[in-house]
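This is the structure, below, for whatever I ask next.
Read-outs: derived from the displayed coordinates by stated rules, not from any lab. Please read all numbers here as calculations on a predicted model, not as lab measurements. When we count neighbours, we look across all protein chains shown, and the Cβ atoms used for this are built from the backbone with ideal geometry, even at glycine.
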Amino acid sequence: MSEPKSPEIQSVLTEGRQFPPPKTFSERAVLGSMEAYERLYAESIADPEAFFAERARELHWFTPFKQTREWNHPHVKWFLGGTLNLAYNCLDRHLTTSRRDKAALHWEGENGDTRSLSYLELHREVCRFANVLTQSGLVAGDRVALYMGMVPELVIATLACARIGATHSVIFGGFSATAIADRVNDASARAIVTCDGAWRRGKLVPLKANVDEALDRCPSVERVFVVQRTGNDMNLVEGRDVLWHEAMATASHEHDAAPLDSEHPSFILYTSGTTGKPKGVVHSTAGYLLGAYLTTKYVFDLRDDDVYFCTADVGWITGHTYVVYGPLSNGATVFMYEGAPDFPEKDRFWALIARWKVSIFYTAPTAIRAFIKWGDEHPARHDLSSLRLLGTVGEPINPEAWIWYRKHIGGDRCPIVDTFWQTETGSIMISPLPGATTTTPGSATRPFFGVEADVVRKDGSPCGPDEGGFLVIKQPWPSMLRTVWGDDARYQTQYFSQIPPYYFAGDGARRDALGNFWIMGRIDDVMNVSGHRLGTMEIESALVSHEAVAEAAVVGRPDEATGTAVVAFVSLRPGYSPEAALKEALKGHVTREIGALARPAEIRFTQLLPKTRSGKIMRRLLGDVASNRQTLGDTTTLEDLSVLAALREDQE
Ligand code: WTA
């Protein structure tokens, strides 16, 4: 293969530590060797239709599908002619098995309240709410918005919508009235399910009041269902608002799940986005479920005695796929937690794991970096020996954060699955399989079955080993998004026009000589320093590998000499103070780890970094701060506006 004159992105991260799967893990795993993975993967790529048709028969169908796939670039349909139901697959089909009385859901509130529902009990609640929705005149195809805290009723409402075929749009409970109104109006939702309030870090979030404010601008909404969680005063609008428990009290717990077309739009989910206006990503029924089911089965290696805890809010895709549909379709026991990880103390997650004997734990790098910042003593206080598998998702994980996670949470014993995927992909695309794959910190390793991933140059030609480029998917997969709600043109241009004809959703990556993928972050975050195009993630990882650093974000600032100068925002681990000498030490550290080309021109210490509500660092805003520019772009997804103000005041 000929070397390109100038690589699209220059990769500078070198990481060689390797962790083969523990033998005891592989022996009991759903998939226990790399040979088995290679064989199935080759099969899935050679004949994806045969591969997925066979797997789809593990699901419950009311009517079997007649055709496996129709690929009319860039639109795909899977399992044509079949009918099925998501809620039936998550609940009813377990009721004739030993799972009937097993816990489907364990829940703990922030204030310590608890609740457990068996599969039978969850089924009954879902049927009741499905009947409530139907009695209110809602039918298959209507859109229903859910704006709730992390309470069991959120899972119940999600599955009840799926049961009647109402397309749900879950709006993260941290969003404001404006964000609710935009999303409700974009989808013309006929109903909203909400709560009076939610508990977050001991404070009450007035969800119903936010809905009331939004609904002044939402003419499509006819009905509001309100779960009483916090008991705060609220305003009920006669004829529109219905109390959940009153409606449920008289509803029957029997309900026949609607047979829905394979391609029925099961849900819309608006992407948070670090840039631009949110898009309503539309997912199918059968293809989405198959992706959720299969990836959960293989990547999380679920067994009947597992207690599985994914910390994501159901308001994000990770919560849809890996709190609700994936684990429940596999008959797993899901643990769900309502509140903040640092309430009442910074050890809450570890206390939960010890109390509920959690065996599989799935969280985000942003959370892991917070745990590091909070100090090792918090996990050390708890018995985490029930854990057998750890996962991460949401951002590239810096290798040192991965090592910390393995040591302090996983007891140097649990495999880690670094799972790369997107709202748009519906389910995990690149990830280790824990019983098969040798992992390396920072690499999401190999593609899942049926995922034809590659790293290419701008012209679509494949990159060589370790050459940075664009991460593309060359063939459609079952849980691929189907369109952008109300804007199919945007679907086509956003995902298929940048590196045609491939699917490209914005990430840079490289593949090493072993075939492992290294995600380098969003292409928008690439900087051009003295003619070298550098991904910010690799410089951040070099910084985080210094003992004093908990978290780092790197951005570019215009510079006369080098085109772009590297500016690093750094937050420190406990016990280190923000001194000038440390700045110099960190610059030297980056020079040693990567080279002088990546040496930061400036280091700024900060307690907090601006993040989206799903925890991704908003480098665009940091770039504005570093360059002394005013922030003109959209800041509605920013979690905490005061962080930005503090950073501006903190200038040297
Ligand atoms: C990033 C979350 C590196 C990536 C499921 C992607 C990751 C975006 C990883 C999607 C990972 C997610 N390694 N980067 N393991 N997982 N990303 O839509 O930039 O919230 O495009 O979906 O997160 O974010 P989204």
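Place the peptides 151-161, 107-117 in order of packing, highest mean first, counting for every residue the other Cβ atoms within 10 Å and averaging per peptide.
Highest-to-lowest ranking by the protection proxy: 151-161, 107-117.
In terms of the Cα gyration tensor, with a ≥ b ≥ c the square roots of its eigenvalues, is the stretch 23-509 rounded because a/c is under 1.5, prolate because a/b exceeds b/c, or oblate?
Here the stretch 23-509 falls in the rounded category.
What's the angle, to the nearest 10 degrees (0 to 90), between helix 177-187's Cα axis and the longest principal axis of the chain?
Roughly 70 degrees between the two axes.
I want the local charge near A626. Using Cβ-Cβ distances under 9 Å, sum +1 for each Lys or Arg and -1 for each Asp or Glu among the other residues. List each step's numbers first, then the result.
Numbers: positive: R557, R604, R629; negative: E602, D624.
Counting the neighbours of A626, the net charge comes to +1.
Here's another thing I want to ask about it. If you count, for each residue, the other Cβ atoms within 10 Å and average over each peptide, how do 566-577, 317-328 line up from highest to lowest?
317-328, 566-577
Just to confirm the filter: which trypsin sites (Lys or Arg not before Pro) across the stretch 339-387 are DSSP coil and have at most 13 other Cβ within 10 angstrom of their Cβ?
Details: sites: K346, R348, R355, K357, R369, K373, R381; in loops: K346, K357, R381.
Here the trypsin sites (Lys or Arg not before Pro) that fit, given the DSSP loop and packing criteria, are R381.
Can you give the calculated 222 nm mean residue ellipticity of the chain, where each DSSP H run of n ≥ 4 adds -39,500 (n - 2.57) and the sum is split over every residue, rounded to the nearest 500 deg cm²/dmol?
On the way: 20 runs with 185 residues, N = 652.
For the chain, the value works out to -8000 deg cm²/dmol.
Here's a follow-up. Report, in listed order, any pair from K346/K373; K203/K346; K458/K611; K373/K611 with a Cα-Cα distance greater than 18 Å.
Cα-Cα > 18 Å for K458/K611; rest within.
Cα centroids of the stretch 518-532 and the stretch 369-415: how far apart, whole angstrom?
Value for the Cα centre distance between the two parts: 28 Å.
Which peptide among 35-44, 460-469, 424-433 comes first, and what is the full order, when sorted by highest mean count of other Cβ atoms within 10 Å?
Descending packing order for the listed peptides: 424-433, 460-469, 35-44.
While we're on this one: Note down the nm distance, to one decimal, between modelled labels 7 Å out along Cα→Cβ at N232 and at D216.
My value for the distance between the label points is 1.8 nm.
Next up: Amide H neighbours of F335 under 5 Å, counting only residues 5+ apart in sequence or on other chains, H built in-plane at 1.01 Å?
The list, which skips near neighbours in sequence, is H106, Y308, F309, C310.
Any chance you could give the angle, 0 to 90 degrees and rounded to 10, that helix 119-135 forms with the longest Cα principal axis of the chain?
It works out to around 70 degrees.
Determine the alpha carbon to alpha carbon distance for each of K23/K102; K102/K279; K583/K616 and list only those over 27 Å.
Listed pairs above 27 Å: K23/K102; K102/K279.
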